[in-house]
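These notes are about the structure you will find just below.
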Amino acid sequence: MKGVSDAAPNLPPLMSGEGTPGDPFAVAVARARAGTEAGLIVHNVTPDHLSAALVLAPEVPLAEAMAMVLAVANGFADAFGALAPSEVAAQFDWPGGFRINGGQCGGIRAAASTTAPGKVPGWLVLGLDVPFRAPADREPGEDPERTTLDEEGCGDICPVRLVESWARHTLFWIHDWQEGGPARLHDHWCGRAFALGRDVTLTAGGERRSGRAIGLDEQGGLLLRLGDDTRILPLTEMLEPLPC
């Protein structure tokens, strides 16, 4: 792939990097549980796949801190938009999915030291996964719902440069949220949302739900209209269980 580099990503001053041949999300969770400082990005970048995970140390309750999922998503879309052809569109599925030209293409994972919405977590880890090429056992176009960057004409993007740009843009959105609140963060996420105003079926908190996605609440939860009722699905429902 053109532009692929074995060099470590050049990250912003407030962030540090650690390469791993394994799963960056699992490594980042282990580092967070061991007390590593916030700002660590663990990464595994290959010509076929980009995986990275960011360790954060929120100072607000978990329900509020989960807005960082939107910051990571906006950071990815801004970074991708700066590197991809102008005609290629990046959009979001709630809670953490990415779409490229309408096809599902990776997304965000999340884990925290607590699942209690009102408690300030000791740490929050957000993972980023983006496929550049289809697995060897899957033919391009075999699954019409899923795609890769290569299939959408973005195979020349350098994965290392994408990690670097994502880190910078994510840092901007975190700072913007800290200084100005959630309004602009939400507006930019909603402007790229794939299914707002549409009927959706999704699984959150282990339960499958169907309804019309009509917006986000202040903490990034999905407002889902079910007949005459509206439910709020909180972002905390995307948290993955921690290994023992």
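Which number in (1) in contact with a helix residue (DSSP H, G or I) (Cβ under 8 Å, 6 or more places away or on another chain); (2) assigned to a loop (DSSP other than H, G, I, E, B); (3) surrounded by fewer than 19 Cβ atoms within 10 Å (Cβ to Cβ) marks the one condition that P58 misses?
(3)
Within the set of pairs 6+ apart or on separate chains, which have a first residue in region 35-63 that is touching a residue at least 12 places away in the same chain (Cβ under 8 Å), a second that is aromatic (F, W, Y) and crowded, with 16+ Cβ neighbours inside 10 Å, and C-beta atoms under 7 Å apart?
Filtered contacts from region 35-63: P47/F132; D48/F132; H49/F132; L50/F132; A53/F25; V55/W123; L56/W123; A57/W123.
Given (1) acidic (D, E); (2) over 26 Å from L233 (Cα atoms); (3) crowded, with 16+ Cβ neighbours inside 10 Å, identify the lone condition not met by E64.
So E64 meets the others, but not (2).
Scan region 13-26 and tell me whether some residue there is touching a residue at least 24 places away in the same chain (Cβ under 8 Å), part of a strand (DSSP E or B), surrounded by 15 or more Cβ atoms within 10 Å (Cβ to Cβ) and under 17 Å from the mean Cα position of the chain (by Cα).
no
Check region 91-107 and report whether any residue there is touching a residue at least 24 places away in the same chain (Cβ under 8 Å), out of contact with any Pro (no Cβ under 6 Å at 6 or more places or on another chain), among the acidic types (D, E) and more than 24 Å from V160 (Cβ to Cβ).
Among the residues of region 91-107, at least one is touching a residue at least 24 places away in the same chain (Cβ under 8 Å), out of contact with any Pro (no Cβ under 6 Å at 6 or more places or on another chain), among the acidic types (D, E) and more than 24 Å from V160 (Cβ to Cβ), which makes the answer yes.
Quick one: P144 ticks every box in (1) surrounded by fewer than 18 Cβ atoms within 10 Å (Cβ to Cβ); (2) without any contact (Cβ under 8 Å) to a residue 40 or more places away in the chain; (3) not hydrophobic (A, V, I, L, M, F, W, C) except a single one, so which number is it?
So P144 meets the others, but not (2).
Readers should treat all values here as calculations from the given coordinates under stated rules, not as data from a laboratory. Just so we're clear, the structure is a prediction, and the values are computed from it rather than from any experiment. Cβ coordinates were reconstructed from backbone atoms using ideal geometry, including for glycine residues, and neighbour counts include every protein chain displayed.
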